[in-house]
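The values are calculated or read from the model by the stated rules, or taken from the named source; none is laboratory data. The shown structure was predicted, so the numbers you read here are calculated from the model rather than taken from an experiment. When we count neighbours, we look across all protein chains shown, and the Cβ atoms used for this are built from the backbone with ideal geometry, even at glycine. When the accessible area is computed, the model is the full protein with side chains, heavy atoms only, and any ligands, DNA or RNA have been set aside. Shrake-Rupley method; radii C 1.70, N 1.55, O 1.52, S 1.80 Å.
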Amino acid sequence: MRRIVEEKGENAYDEIISLLEKEDDDPEVREIVTEVLYRLGDRIASKLEKTIKEKIKSGIKNDVPLLYLIDLAGDLGLRRLVTDITKALELYDLEEAQLVIYEALAKLGAGEQFYPLLRYMLLEGEERFMFGAQVAMVLSYLDIPEIISDLVQAIDSGDFKGEELETIKQALSNMINLHPSYKEILITLVGEDNFEKYVR
């Protein structure tokens, strides 16, 4: 893969995408492929935008390769795709797939409209037992101060243990790294002495 990036660069785009599309559904291959696309970054941004738009327009339901590309669009900051990615929500039945899309939108600065739903999924819905940690990470990319309180509530609820609990603490750390002023909100809520217990 490194050789492809170094020798062919963006000219290997179609070849790389075809690897993502292969039917054998190997997550490891798909992770490597998206890593290569990420490294190509700006050089393939316009091609990637075109591919994502075409795949969403095709209306194929529960398309896993598209999900990888949407995730990548969030990481690359392709804001022009916000409307298209929002439409893609209708194409997926499973909540874990929809959460990948919510996270991409949140990274692109467009997830605020889903805050009430995500908050419900974290704190009240039955979903919290399956997807709580994933929801917390999605929320951590939103610029909404109230989320600090939501994450503290999730940590204090006793609903989450082990790795899930650590991921929610990581989400809280993530928010504070993205918005340093939010640290004061957390200190106000839990006290300076307890601050370290809530972050990773």
For segment 156-193, what are the residues that are open to solvent by 90 Å² or more (accessible area, probe 1.4 Å) and either in contact with a Lys or Arg (Cβ under 6 Å, 6 or more places away or on another chain) or assigned to a helix (DSSP H, G or I) (or both)?
ASP156, GLU163, ASN177, GLU184, THR188, GLU192, ASP193
Among residues of segment 102-136, those that are open to solvent by less than 60 Å² (accessible area, probe 1.4 Å), out of contact with any helix residue (DSSP H, G or I) (no Cβ under 7 Å at 6 or more places or on another chain) and more than 27 Å from LEU81 (Cα to Cα), counted
1
If a residue has to be in contact (Cβ under 8 Å) with a residue 24 or more places away in the chain and outside any loop (DSSP other than H, G, I, E, B) to count, how many in segment 77-98 make the cut?
13
Could you check, for segment 137-155, whether at least one of its residues is among the small types (Gly, Ala, Ser), without any contact (Cβ under 8 Å) to a residue 12 or more places away in the chain and either assigned to a helix (DSSP H, G or I) or surrounded by fewer than 20 Cβ atoms within 10 Å (Cβ to Cβ) (or both)?
no
Out of curiosity, is LEU89 within 17 Å of the chain's Cα centre (by Cα) and buried (at least 19 other Cβ atoms within 10 Å of the Cβ)?
no
Going through segment 55-76 one residue at a time, which ones are assigned to a helix (DSSP H, G or I) and of a type in the set (A, V, I, L, M, F, W, C)?
ILE56, VAL64, LEU66, LEU67, LEU69, ILE70, LEU72, ALA73, LEU76
Does any residue of segment 53-71 turn out to be closer than 23 Å to GLY9 by Cβ and surrounded by fewer than 14 Cβ atoms within 10 Å (Cβ to Cβ)?
yes
Please list, ordered by first then second residue, the pairs with beta carbon atoms under 7 Å, 6 or more apart or interchain, first in segment 33-61 and under 15 Å from ASP84 (Cα atoms), second charged (D, E, K, R) and open to solvent by 10 Å² or more (accessible area, probe 1.4 Å).
GLU49/ARG80; ILE52/ASP84; LYS53/ASP84; LYS55/ASP63; ILE56/ASP84; ILE56/LYS87
